[in-house]
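Student: Below you will find the structure I want to go over with you.
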Amino acid sequence: MSDSEHSDLDRAACSAALAAFLAEARDLRRAATADAVHGRRRQRLREWQAARLARTHADLLASPRYGTAATFFLSDLYGPKDFSERDAEVERILPLMTTMLPVSGLRTLLLAVEVDALSERFDAAMVEKLGAQLDDEQLSEAAYAAAYRAVGDRAGRTTQLRLIGETGEALEALARKSFVRGALKMMHGPAHLAGLGELHAFLERGFEAFRSMRDASEFLETIIERERAIAAAMFAGRDLPD
């Protein structure tokens, strides 16, 4: 098989996987917002998780070197942000993106969308387990950890963290390509006029966040190792560690 044939297969596989994960995330969001109580509880869960992430990684958020990347990482990749607008834009132009984007760009976007779909899946399961506890003003760490264990799927949680790390690595690789910055700046106006503002903003934030670090390996390892330790502690029957 020639390199071009292999690339075409990769492109087709990326496109099919993107379509599948976009559809899953969209359907999960629609199901969550179709019921007002479930939607309110889902938002409460996501806010609680965002606050926990900010506490766990407070040093990275405050770091002159890592602060921008940490803010992007904890909001755009592993936080409470609603990606429905971005994903709708991707779905709308997926045929064009499949043709125009390099395979590396498609793979990067695929990783981010897969993380989104997996996070929506886990959030839906957590809302189901926590139920009315999410109506309380204060959700306890013990209740969260118990629901985390009840949801289970340790392999899925491991995959979630692996994908988050790989998304960061892919964004870092793109950030090393100087032409990408020029292309993003050139496309800022046209992208917004074409109704692709959120997708373009996501790519711009990711590029600038990882470009500002120069080397992201220590940053990514720190986040992933901390999150793995927290997951292991909860699965072992403990509450969230400090």
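Student: With the requirement that a residue be small (Gly, Ala, Ser) and either over 21 Å from residue 130 (Cβ atoms) or in contact with a Leu (Cβ under 9 Å, 6 or more places away or on another chain) (or both), what does segment 44-82 give you? It would help to see each step written out before you state the result.
Tutor: Here is the first cut: in segment 44-82, the residues small (Gly, Ala, Ser) are 50-51, 54, 58, 62-63, 67, 69-70, 75, 79.
Hits for segment 44-82 are 50, 54, 58, 62, 63, 67, 69, 70, 75, 79.
Here's the yes/no breakdown for (1) open to solvent by 20 Å² or more (accessible area, probe 1.4 Å); (2) outside any helix (DSSP H, G or I); (3) out of contact with any Asp or Glu (no Cβ under 9 Å at 6 or more places or on another chain):
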{"position": "98", "(1), (2), (3)": "yes, no, yes"}
{"position": "104", "(1), (2), (3)": "yes, no, yes"}
{"position": "107", "(1), (2), (3)": "yes, no, no"}
{"position": "116", "(1), (2), (3)": "no, no, no"}
{"position": "120", "(1), (2), (3)": "no, no, no"}
{"position": "124", "(1), (2), (3)": "yes, no, yes"}
{"position": "127", "(1), (2), (3)": "no, no, yes"}
{"position": "132", "(1), (2), (3)": "yes, no, yes"}
{"position": "139", "(1), (2), (3)": "no, yes, yes"}
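Student: Pull out all pairs, ordered by first then second residue, where Cβ-Cβ is under 9 Å, the residues are six or more apart or on different chains, the first lies in segment 127-142 and is within 17 Å of residue 39 (Cβ to Cβ) and modelled with pLDDT of 95 or more, and the second is open to solvent by less than 80 Å² (accessible area, probe 1.4 Å) and not in a helix (DSSP H, G or I).
Tutor: If the second residue must be open to solvent by less than 80 Å² (accessible area, probe 1.4 Å) and not in a helix (DSSP H, G or I), the pairs left are 130/139.
Student: Out of 118, 110, report the one residue that is in contact with a Gly (Cβ under 8 Å, 6 or more places away or on another chain) and on the phi < 0 side of the Ramachandran plot.
Tutor: 118
Student: Across segment 44-78, what is the number of residues that are in contact (Cβ under 8 Å) with a residue 12 or more places away in the chain and assigned to a helix (DSSP H, G or I)?
Tutor: 23
Student: Right, something else. Find the helices (runs of 4 or more DSSP H) located wholly in segment 165-242 whose residues include 3 or more that are at pLDDT 80 or above and surrounded by fewer than 15 Cβ atoms within 10 Å (Cβ to Cβ), and list them.
Tutor: 217-235
Student: Okay, next question. From 31, 62, which residue is more than 18 Å from the chain's Cα centre (by Cα) and within 24 Å of residue 139 (Cβ to Cβ)?
Tutor: 31
Student: Let me ask something else. Give just the number: which of (1) in contact with a helix residue (DSSP H, G or I) (Cβ under 7 Å, 6 or more places away or on another chain); (2) touching a residue at least 60 places away in the same chain (Cβ under 8 Å) does residue 88 not satisfy?
Tutor: Here residue 88 meets the rest and fails (1).
Student: Right, something else. Sort out which residues of segment 141-152 are more than 15 Å from residue 41 (Cα to Cα) and in a helix (DSSP H, G or I), and write them in order of number. Please lay out each step first, then the result.
Tutor: Going through segment 141-152, the residues more than 15 Å from residue 41 (Cα to Cα) turn out to be 141-142, 145-146, 148-152.
Selection gives 141, 142, 145, 146, 148, 149, 150, 151.
The values are calculated or read from the model by the stated rules, or taken from the named source; none is laboratory data. What you are looking at is a predicted structure, and each value in this text was computed from that prediction instead of being measured. When we count neighbours, we look across all protein chains shown, and the Cβ atoms used for this are built from the backbone with ideal geometry, even at glycine. Accessible surface areas use protein heavy atoms only, side chains included; no ligands, DNA or RNA. Shrake-Rupley method; radii C 1.70, N 1.55, O 1.52, S 1.80 Å.
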